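First comes the structure, then the notes that go with it.
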């Protein structure tokens, strides 16, 4: 497979990974208690995977510094625009003139 095909998809993945790990808080299930048919779930405070990782002692000092620098350099609006640009590049590459997909898109506009 030619290298040019992979680059737009990889760009989408790279930007999406940054968004998910540094900007999207996640609720983690802390406890699930069953009382007959009733199930009660308790969740931890919503935090990003990046914040959860920093709360542990797993990353060494060098890794923490790199993560902090990466986090500080993230601009949410620019990241969103970069994701949209990468998705558009991927879409443009996927839909070629005369392809079945472009014909379907043309029919949908009618």
Calculated P(r) tail over 12 Å for the range 13-67, as whole % of Cα pairs: 72
Binning at 5 Å from 0, report for the range 1-97 what percent of all alpha-carbon pair distances ends up in each bin. 2, 11, 15, 15, 14, 12, 10, 9, 6, 4, 1, 0
Would you kindly state how much longer the chain becomes between residue 28 and residue 80 on full extension, computed as 0.36 nm times their sequence separation minus their alpha carbon distance, in nm to one decimal? 16.2 nm
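Read the figures in this text as sums done on the coordinates, not as results from a lab. Just so we're clear, the structure is a prediction, and the values are computed from it rather than from any experiment.
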